[in-house]
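Novice: For reference, the structure I am asking about is given below.
No lab work stands behind these numbers, since they all come straight from the coordinates. Remember, it's a predicted structure, so these values are computed and weren't measured experimentally. Cβ atoms come from the backbone with ideal geometry, glycine included; neighbour counts cover every protein chain shown.
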Amino acid sequence: MDLWFDTDPGFDDWMAWLLIEACPDFRLHGVSVVAGNAPLPRVLENARRIKTLHGLAAPLHAGCDRPLAQAQVTAQNVLGAHGMATTGRHLVADEAALMPQHGVQAMIDCIRAHPGQITLLAVGPLTNVATAFALAPDLPALLKDLVIMGGSTVGGNATAAAEFNIHADPEAAARVFACGRSVAMFGLNVCRQVVVDASHVARARGAGSNASLVFSDYLDGYVDIARQRGRPFQSVYDPTPVMWLARPELFELQPGRVDIELAGQHTRGMTVCDLRGPALPRANARVALKAQGEEALDWAMTLIEARLKA
Ligand code: BDR
Ligand code: CA
């Protein structure tokens, strides 16, 4: 499967990227970075350090540094100044190659060069994707599939109503869901069925390489966000759609209508999911509802462990 990955690293973005590169089913054409978990310079630096640590092959591009319309929001209040936390070792600064071309143009060029072939997977705010679709209206029809981590059928995390990736750029999300092709939506509701805990940290650490030690300290930092709130396990957000792409039999999706609330005083950024029968003629999404989380994560960890040993 041919992929383009749009991301705002973030630890769970890192884990998704590593899983993509670890899975022989995928051919990753490029990675575009978008402001989200932290401002663009920070998430870009995170991406460069991750790329260096693992020797990741796909070309890396800087994308949009602010949302389409609203003021920038980040997840640094939860994830820390770097947009990811470690309980031990730190990623080392490195000048990993950054391509000169803007991420949005690189995404457009890649999709146009491979009509009908590229699955676009976006796991950050949808600013890069919406900008690409505005500049190249032919793009949605040229994709093999369009998959996002974002939204929720059950309430939000950034606010009571809104999931972070949609909350950070609701106008971009609205444009993407209106692009004319079905979006596979992996929201909080399904990602919360895939959880990591101390046993997964130990598995990653057991791979024994320097990369595995750094990765597992950040995985532990990720689980620690939940521990500090009294839970021993943390939801796995961005890697979950990667698991679906490779192991679709472990998930259930339902077609429906998803609209982005842009005006609500308390509900701006909410994904209003209409999964009722009468909404089907207006369906613009396949909403992921169920995951066999333990099996999916075990599969993912096996690949990640092997990649960390390499
Ligand atoms: C999403 O928000 C970000 O903090 C994570 O990287 C993930 O993409 C979860 O709501
Ligand atoms: Ca993300």
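Novice: Report the rotationally averaged projected area of the range 92-184 based on its alpha-carbon convex hull, in square nanometres.
Specialist: Its average projected convex-hull area is 7.5 nm².
Novice: On the principal axes of its Cα set, how long, how wide and how thick is the range 1-119? Give whole Å, largest value first.
Specialist: 40, 35, 23
Novice: How much net charge surrounds S152 when only the other residues with a Cβ under 13 Å from the Cβ of S152 are counted, with Lys and Arg +1 and Asp and Glu -1?
Specialist: Values: positive: R192; negative: E163, E261.
Charge balance in the 13 Å sphere: -1.
Novice: Still on this structure: How many nm separate the modelled label positions at T159 and R227, each set 7 Å beyond the Cα in the direction of the Cβ?
Specialist: For the pair T159/R227, the computed spacing is 3.3 nm.
Novice: Which of the lysines could a cross-linker span from K144 if the Cα-Cα distance has to be under 24 Å and same-chain partners fewer than 8 positions apart are dropped?
Specialist: Leaving aside lysines fewer than 8 places away in the same chain, those within reach of K144 are K290.
Novice: Follow-up question, since we're still on this one. Over its Cα atoms, what ratio of radius of gyration to 2.2 N^0.38 Å does the chain give? Working shown, then result.
Specialist: Numbers: Rg = 17.8 Å, N = 310, 2.2 N^0.38 = 19.5 Å.
Working it through for the chain, the quotient is 0.91.
Novice: Counting Lys and Arg as +1 and Asp and Glu as -1, what is the net charge of the other residues whose Cβ lies under 15 Å from the Cβ of F215?
Specialist: Once positives and negatives cancel, what remains is -1.
Novice: Would you mind giving the three semi-axes, in whole Å and largest first, of the ellipsoid equivalent to the range 233-304 according to its Cα gyration tensor? Each step should come with its number before you reach the end.
Specialist: Numbers: eigenvalues 159, 54, 15 Å².
Square roots of five times the eigenvalues give 28, 16, 9 Å.
Novice: Can you sort V195, V190 by how many other beta carbons sit within 10 Å, fewest first?
Specialist: Result, fewest neighbours first: V195, V190.
Novice: Modelled label-to-label distance, A97 and V78, 7 Å Cα→beta-carbon offset: nm?
Specialist: The two pseudo-label positions are separated by 3.5 nm.
Novice: How long is the gain from Q70 to A202 if the chain were fully straight, where each residue apart is worth 0.36 nm and the alpha carbon distance is subtracted? List each step's numbers first, then the result.
Specialist: Details: separation 132, 0.36 × 132 = 47.52 nm, distance 4.09 nm.
Once the chain is fully extended between Q70 and A202, it gains 43.4 nm.
Novice: Could I ask something else about it? Determine, for F177, F215, F26, the number of other Cβ atoms within 10 Å of each Cβ, and report the residues in order from fewest to most. Please list the in-between numbers first.
Specialist: Values: F177 25, F215 28, F26 20.
Listing F177, F215, F26 from fewest to most nearby Cβ atoms yields F26, F177, F215.
Novice: For the range 2-309, calculate the relative contact order in percent as a whole number, restricting contacts to Cα pairs under 8 Å that are 6 or more residues apart.
Specialist: Here the relative contact order equals 20 percent.
Novice: Compute the Rg/Rh shape ratio of the range 197-239: radius of gyration over Kirkwood radius, all on alpha-carbon atoms.
Specialist: Radius of gyration over Kirkwood radius for the range 197-239 works out to 0.99.
Novice: Another question about this same structure. Placing +1 on the Cβ of each Lys and Arg and -1 on the Cβ of each Asp and Glu in the chain, which of V214, T267, F164 has its Cα farthest towards the positive end of the resulting dipole?
Specialist: So the residue furthest toward the plus end is T267.
Novice: Rounded to the nearest 500 deg cm²/dmol, what is the calculated helix-only ellipticity per residue at 222 nm for the chain, with -39500 (n - 2.57) per DSSP H run of length n ≥ 4?
Specialist: -11500 deg cm²/dmol
Novice: Next up: Assigning unit charges at the beta carbon (Lys, Arg +1; Asp, Glu -1) and nothing else, what dipole magnitude in debye, to the nearest 20, does the chain show about its Cα centre?
Specialist: 180 debye
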